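Structure, as structure tokens:
The values are calculated or read from the model by the stated rules, or taken from the named source; none is laboratory data. Please read all numbers here as calculations on a predicted model, not as lab measurements. Cβ atoms come from the backbone with ideal geometry, glycine included; neighbour counts cover every protein chain shown.
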């Protein structure tokens, strides 16, 4: 009787158990040599990789914002799980760290077993791609907090780097080069404004987005790109890295600049991808606001000596990611400016 009462209140324990069984299979596929303990335990355990002299753990927590609303409307759930992991991998990559483990948190109301499983399987897929353990997580059905069908997704990543190799931006000096790595869309930022503009234009997810040759849904749900394969092999050659997320280029690049260094962005070094051109023109968004909300086609920026650029670009090419010279670091007040 108690189970039926709980279900009538909005929490179906039998459905939750079915979801757990499918999730456990996904989690098991992510186990690595650093994994310790059982799947389904109260806490996830990871070994620090052997052979490190002074390992430093690098941790980050994030979500995917209102991109979950697009996924819900399109009835496509797995890709936002991949978004969550890739975003997090990039956030620790900028410190020179490689991923060890991930923890996810999924909360919602009246999500089906299939929807829950798709979300977590997306997380697991991206973990496998990065040889990272999905060490645990939490799935919560909260009928009094979310409306039926609503959900939110967040996660915490743990990575590791040798203390001597960790990137803080303090090695950046005037004369360094800014190397841009192309994004493949909005990634996981700016969706509230983008959705408003698309709604104003009366565009549905199945409609073609002008200038792209693709549907609105496909463009908006493009998985946040991971830069690990393109950057990690060359990370020791770099003086700093910035993941271009909320706040755009100016709001993120300045986070790694030391005093006395000004980043100069050459606006003519790239053309806005069609998605961003559409959003600016149809939304009447100023260039200044575009720069502070969207990544504008730049997903990551490396700051490195000019002699190292060719090595970094070759690694990016091998990973299938476009890169280009975005600007340089000049002596001056700590700032980011567009030329």
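Taking the conditions exactly as written (crowded, with 24+ Cβ neighbours inside 10 Å, over 12 Å from residue 157 (Cα atoms) and touching a residue at least 12 places away in the same chain (Cβ under 8 Å)), does residue 106 satisfy them or not?
Numbers: crowded, with 24+ Cβ neighbours inside 10 Å: yes; over 12 Å from residue 157 (Cα atoms): yes; touching a residue at least 12 places away in the same chain (Cβ under 8 Å): yes.
Criteria met by residue 106.
If I ask for residues that are farther than 24 Å from residue 233 by Cα and either modelled with pLDDT under 95 or surrounded by fewer than 17 Cβ atoms within 10 Å (Cβ to Cβ) (or both), which ones from the range 286-310 would you list?
If the condition is that a residue be farther than 24 Å from residue 233 by Cα and either modelled with pLDDT under 95 or surrounded by fewer than 17 Cβ atoms within 10 Å (Cβ to Cβ) (or both), then 286, 287, 288, 289, 292 are the ones that fit.
Kindly evaluate residue 231 against the criterion of being surrounded by 23 or more Cβ atoms within 10 Å (Cβ to Cβ), in a helix (DSSP H, G or I) and not assigned by TED's automatic domain parsing to the domain that holds residue 48. Let's see the steps before the verdict.
Working: surrounded by 23 or more Cβ atoms within 10 Å (Cβ to Cβ): yes; in a helix (DSSP H, G or I): yes; not assigned by TED's automatic domain parsing to the domain that holds residue 48: yes.
Yes, satisfied.
If a residue must be touching a helix residue (DSSP H, G or I) at 6+ places or on another chain (Cβ under 9 Å) and either modelled with pLDDT of 95 or more or part of a loop (DSSP other than H, G, I, E, B) (or both), how many such residues does the range 135-151 contain?
2
Mind checking which residues of the range 250-266 are in a helix (DSSP H, G or I) and touching a helix residue (DSSP H, G or I) at 6+ places or on another chain (Cβ under 9 Å)?
Applying the first criterion (in a helix (DSSP H, G or I)) to the range 250-266 yields 250-256.
Residues satisfying the conditions are 250, 251.
Within the bounds of the range 74-82, is there any residue that is under 26 Å from residue 47 (Cβ atoms) and modelled with pLDDT of 95 or more?
Narrowing the range 74-82 to residues under 26 Å from residue 47 (Cβ atoms): 81-82.
Now drop any that are not modelled with pLDDT of 95 or more, which leaves 81-82.
Yes: the range 74-82 contains one or more residues that are under 26 Å from residue 47 (Cβ atoms) and modelled with pLDDT of 95 or more.
Hey, among 128, 58, which residue is surrounded by 18 or more Cβ atoms within 10 Å (Cβ to Cβ) and at pLDDT 95 or above?
Checking each option against the conditions leaves just 58.
Among the candidates 89, 94, 68, 64, which residue alone is in the same structural domain as residue 29 (by TED's automatic domain parsing), crowded, with 24+ Cβ neighbours inside 10 Å, under 15 Å from the mean Cα position of the chain (by Cα) and within 14 Å of residue 221 (Cβ to Cβ)?
Exactly one residue qualifies, and that residue is 64.
Scan the range 49-76 for residues that are assigned to a strand (DSSP E or B) and over 27 Å from residue 112 (Cβ atoms) and jot them down.
Pass one, the range 49-76, residues assigned to a strand (DSSP E or B): 55-63.
Result: 55, 56, 57, 58, 59, 60.
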